[in-house]
Amino acid sequence: MAYDDALAERVRQVFAGRDDIVARKMMGALCFMAGGHMCCGVSGPDLMVRIGREAQEQTLAMPHVRLMEIGGQPVAGFVLVSMAGIPSDDVLAEWIHRGTDFVATLPPK
C-alpha cells in the first residue's frame with residue numbers, strides 16, 4: 001500500500017530544521033526515525049504514531065484512532081490516526097510530538 005504523499009509532506013514540515021530525524025521507506029510506509037527509533041510515519045492515508053504500551057488504552061479511546069496492525073496482527077504501542085483526527089498542522093504536530101516524546105524515553109541505539 002502506498003503512503004499519502006501530502007500527509008508525508010505535512011510531517012516533513014513539522015520536522016523542518018531538525019537534523020536528527022531520518023525518513024525511511026519501510027513495508028510500503030514512510031517512517032520517521034529519531035535516535036534510531038521509529039517515532040511516527042505515514043501508512044496509507046493514516047498517520048502512524050509510536051505511543052508506547054502504557055499509553056495505548058487511553059489513546060485508543062480517542063476519536064479517529066485505531067491500533068496499528070501488520071498482516072492482521074496488532075502492533076502494541078503503535079496507533080494509526082485517520083485524516084479526520086489530524087485536521088490542522090497544530091494537531092498533526094501534537095501527534096508527532098507524542099511519538100518523539102515516547103522514543104526519547106528509550107535507550108539510544
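Can you find, within segment 72-108, the residue that is farthest from Leu7 (Cα to Cα) among those that are part of a loop (DSSP other than H, G, I, E, B) and hydroxyl-bearing (Ser, Thr, Tyr)? If you could, list the steps in order and put the result at the bottom.
Residues of segment 72-108 part of a loop (DSSP other than H, G, I, E, B): 72, 82, 86-88, 104-108.
Still in the running and hydroxyl-bearing (Ser, Thr, Tyr): 82, 88, 105.
Working: Ser82: 11, Ser88: 11, Thr105: 26 Å.
That would be Thr105.
Look at segment 84-109 and say how many of its residues are open to solvent by less than 30 Å² (accessible area, probe 1.4 Å) and within 12 Å of the chain's Cα centre (by Cα).
So the count comes out to 8.
Let's see how each residue does on (1) surrounded by fewer than 19 Cβ atoms within 10 Å (Cβ to Cβ); (2) closer than 21 Å to Ser88 by Cα; (3) not basic (Lys, Arg):
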residue: Ala8; (1), (2), (3): yes, yes, yes
residue: Phe15; (1), (2), (3): no, yes, yes
residue: Met27; (1), (2), (3): yes, no, yes
residue: Ala34; (1), (2), (3): no, no, yes
residue: Cys40; (1), (2), (3): no, yes, yes
residue: Gln58; (1), (2), (3): yes, no, yes
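Ile51 - would you say it is under 20 Å from Pro107 (Cα atoms) and in contact (Cβ under 8 Å) with a residue 60 or more places away in the chain?
no
Considering only residues that are outside any loop (DSSP other than H, G, I, E, B) and over 12 Å from the mean Cα position of the chain (by Cα), look in segment 15-46 and name the one that is farthest from Gly71 (Cα to Cα).
It comes out as Ile21.
Does segment 2-11 contain any residue that is in a strand (DSSP E or B) and in contact with a strand residue (DSSP E or B) (Cβ under 7 Å, 6 or more places away or on another chain)?
no
Quick check on my filter: what residues within segment 63-83 are open to solvent by 60 Å² or more (accessible area, probe 1.4 Å) and farther than 16 Å from Ala29 by Cα?
Applying the first criterion (open to solvent by 60 Å² or more (accessible area, probe 1.4 Å)) to segment 63-83 yields 63-64, 66, 69-71, 73-74, 83.
Across segment 63-83, the qualifying residues are Pro63, His64, Arg66, Gln73, Pro74.
The values are calculated or read from the model by the stated rules, or taken from the named source; none is laboratory data. Predicted model only: the values in this text are computed from it and were never measured. As a convention, Cβ positions derive from the backbone with ideal geometry for all residues, glycine included, and neighbour counts pool all protein chains shown. Keep in mind that these areas ignore ligands, DNA and RNA; they rest on the heavy atoms of the full protein, side chains included. Shrake-Rupley method; radii C 1.70, N 1.55, O 1.52, S 1.80 Å.
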